Amino acid sequence: MLDSLLLGVPLYLLVLIGYLLVRVGRWPHTATEALARFVFGLALPALLFRMMSNLSELPPVDARLLIAYFGGCLLVFALGRLVGHVLFRLDGVGQSVFALGGVFSNNVILGIPLATALIGNAAMPSVSLVLAFNALTLWTLVTVSVEWARHGAPSLTGFTRTLRSVLTNPIVAAILSGTAIGLLGVRLPSLIDAPLAMIGQAAVPLSLISLGMSLAQYGLRAGLDRSLGICVLKLVVMPLVVWTLARLLALPALETQVVVMLASLAVGSNVYLMSMQFRTQEGVVASSMVLSTALSALSTPLVVAWLGGPG
C-alpha cells in the first residue's frame, strides 16, 4: 500500500506545480490554453499512436472489461440521476450533468500516467481500449439523457454531432489509426518512430502540469453539497460497482486492476464542457473537479494497492 502511495506522489506533485504556476506564478490563461493544446493535440496522440502501432507485441486484452467498465457507468449514471432528483431537486438536464460527473473519469491526463506508474506498461492496452470507447459512449449517454429530459425523445442530430466530435478527437483518432497499423503488422520506420518516441516522452509530465494549470482556474465555493455528492459517486460508488461487475464476469486480475483504477479517478474535464454546453451546474462541476483531484491523490493509489499493488 505504501509503495502505491509513493509511486503516485511525484505524479500529483506535477499537478501541484501546474496549479502553483497559475496561482502563485501568475502565468496567463493563454499559457494554460497553449500547453493543453500541445498535450491533447500532439503529445498524448503521439504516445498512444506509437504504443498501439506495436499492438502485436503487447499482451492480449480481455474485451469483457468494456462490459465491467461501461456497465458500471450506466448503473452509476442512473443512480446519479436519482440522487440529483431526490436530494438536490435538479431538473432533468441538471440531473444528467450531475450524474455524468459521477462516471466520467479523467482517463487521459490522469489515467495514462497513473496506470503506467501504479500497474505497469502491461496496463496500457486495456487503458487504450477503454479510451477508444469512453468519449463516444459517455457523451452519447448524457446527450440522449438531456434530449430526453428536454423533448421526451433522443435526437438524431445530437447523436450525429457527438459522433463527429468524438471521431475527430486527436486522442481517439490516434488510438484507432495506431491500432489499425498494429493489426496490419506494419513497422514504423525509424525516421517516424524516433520523433514520436521523443514527443511521447514529454506527454505524461506535461499533461499533469497542464491539468494543474487548468484546475487553478476553478474554485471550491459553488454548490459544495452537490460537489461532494459527485465526489462520493465518482470516488467511492463508481469503483465499487465496476469492481463488483468485474468479479461477476471473472475478469482477469490485470484487467480488473485497470478498470477499477480508471473508475476511481477524479472527475474529467469533459463534464465541465458538457455543463457549459447545456448551461447547468458549471460551478458545481468545476469545484468537483478540483476536490476530486485532490482526494484521488490518496484514494486511487489505495484502490490499486487493495487490488494487488504495482505490477
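Quick note: the coordinates plus some simple rules give every number you see, no bench work behind them. As the structure is a computational prediction, the values presented were derived from the model and not from experiment. Don't worry about glycine lacking a Cβ; one is built from the backbone with ideal geometry, like all the others, and counts go over all protein chains shown.
The spacing between region 50-99 and region 174-244, judged by their C-alpha centroids, is 15 Å.
Assuming charge only on the beta carbon of Lys and Arg (+1) and of Asp and Glu (-1), the dipole of region 2-306 about its Cα centre is about 540 debye to the nearest 20. The packing ranking of peptides 290-296, 180-186, highest mean first, is 290-296, 180-186, where packing means the average number of other beta carbon atoms within 10 angstrom of each residue. Using Cα atoms only, what is the angle between the long axis of helix 156-167 and the major principal axis of the chain, expressed in degrees (0 to 90) to the nearest 10? That works out to roughly 30 degrees. Ordering of 269-280, 100-111, 121-132, 253-264 by packing is 100-111, 253-264, 121-132, 269-280, highest average first (other Cβ atoms within 10 Å, averaged per residue). To the nearest ten degrees, helix 282-307 and the longest principal axis of the Cα atoms of the chain are 50 degrees apart. Per-residue packing, averaged as other Cβ atoms within 10 Å, sorts the ranges 203-216, 77-90 into the order 203-216, 77-90, beginning with the highest. If you take all other residues with their beta carbon under 14 Å from the beta carbon of R89, and give Lys and Arg +1 and Asp and Glu -1, the sum is 0.
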